[in-house]
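Enquirer: Below are the C-alpha cells for one structure; questions will follow.
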Amino acid sequence: MAGTRGTGRTGADGAAPHRTPEEAAGPAEPAGRAHADVNVPPDVFRRVLGAHAAGVVVVTADPAEGPVGLTATSFTSVSLDPPLVSFYIDARSGSWPGVRDSRTFAVNLLHEHQRDVAARFAARGVDRFAAPTRWFRGPGGVPLLHGAVGHVRCLRHDVLAVGDHWLVVGRVVGAETGDDGRPLLYHRSRYGRFEA
C-alpha cells in the first residue's frame, strides 16, 4: 500500500509522526517494464511544457572577471524558514562559470515592459551589461537591474547537478520591491504580460 513505509513509530496521539522526505518516499521503486526505456521526444517535451506560463527573471552575479547574467524562467521559492529560492542553469551556459564562482547572486524579477532585457540576457555573444542595459551595484556589489518589479539577493546555499542542468539554491539575504507594474511572463516561446 502506498505511503505505509516508515519507521514504525507513532506519535503520542497515535497518529503517524512527521517523517523526513526520505522516510516518506521509501526506497526507490524500479519503473515498470513497459516504461523502463521510454523517453519523451525532446520536441514533445518542450511543446507540452511550453503550455505552462512562467515568470521571467534575470539572474546576475559578479565574479572576479566581471558581471554575468542570464535570463531564467525556472525561478521558484523553495522554503520560507530558512528563506530559500532556486533556479536552473544549463550546464553548457557561458554564464555558468561566473555564477558557479560567485558566492552571491541576485534575481531580478522583470517588469512586463522589459522584454528587450530578457532577450538581451538570453542572447549569446553580446555584452549584456553594456548600454542600453541600465543597472547598478546593490549591497555587496551584486548587479541589480533598473526597472525590475523586485530584486532578491542571495548567498549561494547549494548546487546540484540535475540532468543537463545545475540547480542553484540561494539563501535570501535581502529582497526589495522595485517599479510598480506587472511581471513579465513566458508562454509558448513568447514573452507576454498578465491580463487581470
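Enquirer: Test of the criteria: in region 142-196, which chymotrypsin sites (Phe, Trp or Tyr not before Pro) are in a DSSP loop and have at most 13 other Cβ atoms within 10 angstrom of their Cβ? Present the calculation step by step, with values, prior to reporting the outcome.
Expert: Working: sites: Trp166, Tyr186, Tyr191, Phe194; in loops: Phe194.
Answer by residue number: Phe194.
Enquirer: If you don't mind, another one. How far apart, in nanometres, would the label points at Ala161 and Ala91 be if each is projected 7 angstrom from Cα along the Cα-to-Cβ direction?
Expert: So the label points at Ala161 and Ala91 sit 0.5 nm apart.
Enquirer: Place +1 on the Cβ of every Lys and Arg and -1 on the Cβ of every Asp and Glu in region 54-193, take the dipole about the Cα centre, and give the residue among Ala123, Val168, Ser86 whose Cα lies farthest towards its positive end.
Expert: The residue sitting most towards the positive pole is Ala123.
Enquirer: A further question on this structure: Tell me which residues come under 5 Å, amide H to amide H, from Leu84 once H is placed; ignore anything under 5 positions away on its chain.
Expert: Answer set, sorted by chain and number: Val78, Ser79, Val172.
Enquirer: For Phe194, what charge total do you get from the other residues with a beta carbon under 13 Å from its beta carbon, if Lys and Arg give +1 and Asp and Glu give -1? Display every interim value, and only then the final one.
Expert: Working: positive: Arg182, Arg193; negative: Glu112, Glu195.
Local net charge: 0.
Enquirer: Further question: Put a dot 7 Å past each Cα toward the Cβ at Ala53 and Asp127; how far apart are the dots in nm?
Expert: 3.7 nm
Enquirer: Let me ask you something else. Pop out the ³J(HN,Hα) list for region 42-47 in order, Karplus 6.51 cos²θ - 1.76 cosθ + 1.60 with θ = phi - 60°, rounded to Hz; leave Gly and Pro as x.
Expert: For region 42-47, the Karplus curve yields x, 5, 5, 4, 5, 5 Hz.
Enquirer: Could you please report the charge total around Pro63, scoring K, R as +1 and D, E as -1 over all other residues with beta-carbon less than 11 angstrom from its beta-carbon? Walk me through the intermediate numbers first.
Expert: Values: positive: Arg100, Arg103; negative: Asp62, Glu65, Asp101.
Surrounding charge for Pro63 is -1.
Enquirer: Mind putting a number on the dipole of region 67-175 about its Cα centre? Charges go on the C-beta only, +1 for Lys and Arg and -1 for Asp and Glu, and I need it in Debye to the nearest 20. Don't skip to the answer; put the middle values down first.
Expert: Values: 12 positive and 8 negative charges, 57 e Å.
About 280 debye.
Enquirer: Still on this structure, I have one more. Say each of Asp101 and Asp43 gets a label point 7 Å from the Cα, pointing the same way as Cα to Cβ; how far apart are those two points in nm?
Expert: Label at Asp101, label at Asp43, 3.9 nm between them.
Quick note: the coordinates plus some simple rules give every number you see, no bench work behind them. Keep in mind it's a predicted model, so treat the numbers as computed, not measured. As a convention, Cβ positions derive from the backbone with ideal geometry for all residues, glycine included, and neighbour counts pool all protein chains shown.
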